[in-house]
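Structure, as structure tokens:
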Amino acid sequence: MSSNFKTVASSKINISELMLPSHSNFSGKIHGGYILSLLDQIAFACASKFSGNYCVTASVDTVDFLNPIEVGELVTMKASVNYVGKSSMIVGIRVEAENIRTGIVKHCNSSYFTMVAKDENGNNIEVPGLILSDDEEIRRFMNCIKQISLRKERNRHEEIFDYKSASALEMLKSYRVKLATI
């Protein structure tokens, strides 16, 4: 394993952007797809800065839209590497929107992206280890371990669960679904 380690602080990136009418959806709020695009950009920048290599998005693990963002608000995204594997990193991103007239700031989104570092030939490449400097960074790292464990369990469930078993089909009766002829 590499003896190269970096602090969480060395990965931190903040970006701010004024939300324009061209970013809005039909209800006049900022389009979630536009926010997702910005999230992907900052996750790339954060992971690439930390690893020193080009990075790709392996998965978008969580995107929780908590509050709508209005046209005219100043959106700030704060990203940091919360976890490292061998070639992968989990980047946590917090999105806040500030009403520039009132100064009121609201938490609008929390997201977690798994990014993978690549070499010039497109092969996975080892990333630096992570130096955890305080309780908050330890908490975030441990939450990522839990998130990875839950993903593995979900994938294992997909492999072994028999969706056509009598008990599985019986369970569907407690939901608002009807089975077409199968």
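The set of residues in the stretch 22-40 being part of a helix (DSSP H, G or I) and in contact (Cβ under 8 Å) with a residue 12 or more places away in the chain consists of 23, 32, 35, 36, 38, 39, 40. Among the candidates 48, 110, the residue that is out of contact with any Cys (no Cβ under 9 Å at 6 or more places or on another chain) and of a type in the set (Gly, Ala, Ser) is uniquely 110.
Given the structure, is residue 91 open to solvent by 50 Å² or more (accessible area, probe 1.4 Å), farther than 16 Å from residue 19 by Cα and in contact (Cβ under 8 Å) with a residue 12 or more places away in the chain? No. Scanning the stretch 45-67 for residues being hydroxyl-bearing (Ser, Thr, Tyr) and closer than 14 Å to residue 118 by Cα gives a total of 4.
In summary, residue 15 fulfils each of the numbered conditions (1) in contact (Cβ under 8 Å) with a residue 24 or more places away in the chain; (2) open to solvent by 50 Å² or more (accessible area, probe 1.4 Å); (3) in a helix (DSSP H, G or I) with the single exception of condition (3).
For every residue, the table says whether it meets (1) touching a helix residue (DSSP H, G or I) at 6+ places or on another chain (Cβ under 9 Å); (2) open to solvent by 50 Å² or more (accessible area, probe 1.4 Å).
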| position | (1), (2) |
| --- | --- |
| 50 | yes, no |
| 53 | yes, no |
| 64 | no, yes |
| 69 | yes, no |
| 97 | no, no |
| 117 | yes, no |
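The residue that is surrounded by the most Cβ atoms within 10 Å (Cβ to Cβ), counting only those in the stretch 133-179 that are under 15 Å from residue 61 (Cβ atoms) and of a type in the set (Val, Ile, Thr), is 148.
The values are calculated or read from the model by the stated rules, or taken from the named source; none is laboratory data. All of these numbers come straight from a predicted model, not from anything done at the bench. Because the Cβ atoms are built from the backbone with ideal geometry, glycine has one as well, and the counts that use them run over all protein chains shown. Please note that ligands, DNA and RNA were not included when accessible areas were found on the heavy atoms of the full protein model with its side chains. Shrake-Rupley method; radii C 1.70, N 1.55, O 1.52, S 1.80 Å.
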